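*Asks:* The following block contains the structure, expressed as structure tokens.
The values are calculated or read from the model by the stated rules, or taken from the named source; none is laboratory data. Everything quoted here is computed from the prediction, not taken from an experiment. Virtual Cβ from ideal backbone geometry, glycine too; neighbours counted across all protein chains shown.
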Amino acid sequence: MAQFNYPVISSIAAHEAYPGHYVQFLWMHDIHDRVRKLLGANTNVEGWAHYCEQMMLDEGLAQSVYPNDMRRQKLLRLGQLQDALLRNARFVVGIKLHTGQFGFDQVVDFFVKEGYQSRAVGLVETKRGTADPTYLYYTLGKLQILKLRADVEARQGKAFNLEKFHDSFMQQGFAPIRIVRHALLHDDSPTL
């Protein structure tokens, strides 16, 4: 339970509720394409939520919550980074575990030494990873969304509007990021 401190809980709130999963699922009411309603990619769903954790802090959440407390602002960023580091470790582990490069104990050690997680978290994450080789989709999706955002911003220049970008992204439902890229950029440029 030590992992669920107040700074991490703020990150979890951005991930699970606002503007993460909750908001993304609200947009589904406006999607009229059955395929996009029924089928989706975890890189989109979890990538969006993971992206929101960082984006909210980048856009000033910590300053608005703690306007005169730099220490608490920094703690919120550290909480977000702790969660991001966990997802990054999952990315590496998901590949190495399921390609036979790491055994169970090596994965636990990786979470502890490279992911800066407690041994208890490392053990839980390792057990999860044995059954879910794709739990790397959090980081993969976040990186794809960050690249898409940068590419849209580069193309639009001064006309770029973050809210419009997010609305356009949400209007695509849970489609794989490659399909969202094509809808927003009208090309087949690489996702990473």
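*Asks:* Go through (1) under 24 Å from V180 (Cβ atoms); (2) among the hydroxyl-bearing types (S, T, Y); (3) touching a helix residue (DSSP H, G or I) at 6+ places or on another chain (Cβ under 6 Å) and name the single condition T134 misses.
*Replies:* Only one criterion is unmet by T134, namely (3).
*Asks:* Still on this structure: For the condition surrounded by 16 or more Cβ atoms within 10 Å (Cβ to Cβ), assigned to a helix (DSSP H, G or I) and without any contact (Cβ under 8 Å) to a residue 24 or more places away in the chain, what is the one hit in V121, V107?
*Replies:* Checking each option against the conditions leaves just V107.
*Asks:* Right, here's the next one. Provide a single number: the residues in the range 60-77 that are assigned to a helix (DSSP H, G or I) and among the hydroxyl-bearing types (S, T, Y).
*Replies:* 1
*Asks:* I9 passes all but one of (1) over 21 Å from S118 (Cβ atoms); (2) at pLDDT below 95; which number fails?
*Replies:* All conditions pass for I9, except number (1).
*Asks:* Something else now. Are there any pairs, at least 6 apart or on different chains, whose C-beta atoms fall under 7 Å, with the first in the range 157-168 and without any contact (Cβ under 8 Å) to a residue 24 or more places away in the chain and the second in a helix (DSSP H, G or I) and acidic (D, E), and if so, which?
*Replies:* F160/E153
*Asks:* Check R149, R155, R90 and return the single one that is at pLDDT 95 or above, in a helix (DSSP H, G or I) and more than 15 Å from the chain's Cα centre (by Cα).
*Replies:* From the options R149, R155, R90, the qualifying one is R155.
*Asks:* Then there's this: So in the range 66-104, with the set limited to residues that are within 20 Å of G141 (Cα to Cα) and among the polar types (S, T, N, Q), which one is surrounded by the most Cβ atoms within 10 Å (Cβ to Cβ)?
*Replies:* Q80
*Asks:* Further, regarding this structure: Filter the range 166-192 down to residues that are over 15 Å from K142 (Cα atoms), assigned to a loop (DSSP other than H, G, I, E, B) and polar (S, T, N, Q), then give me how many there are.
*Replies:* Qualifying residue count, the range 166-192: 3.
*Asks:* Still on this model: Taking the range 1-59 as the search range and keeping residues that are in a helix (DSSP H, G or I) and acidic (D, E), which one is surrounded by the fewest Cβ atoms within 10 Å (Cβ to Cβ)?
*Replies:* Only one residue tops the list, namely D30.
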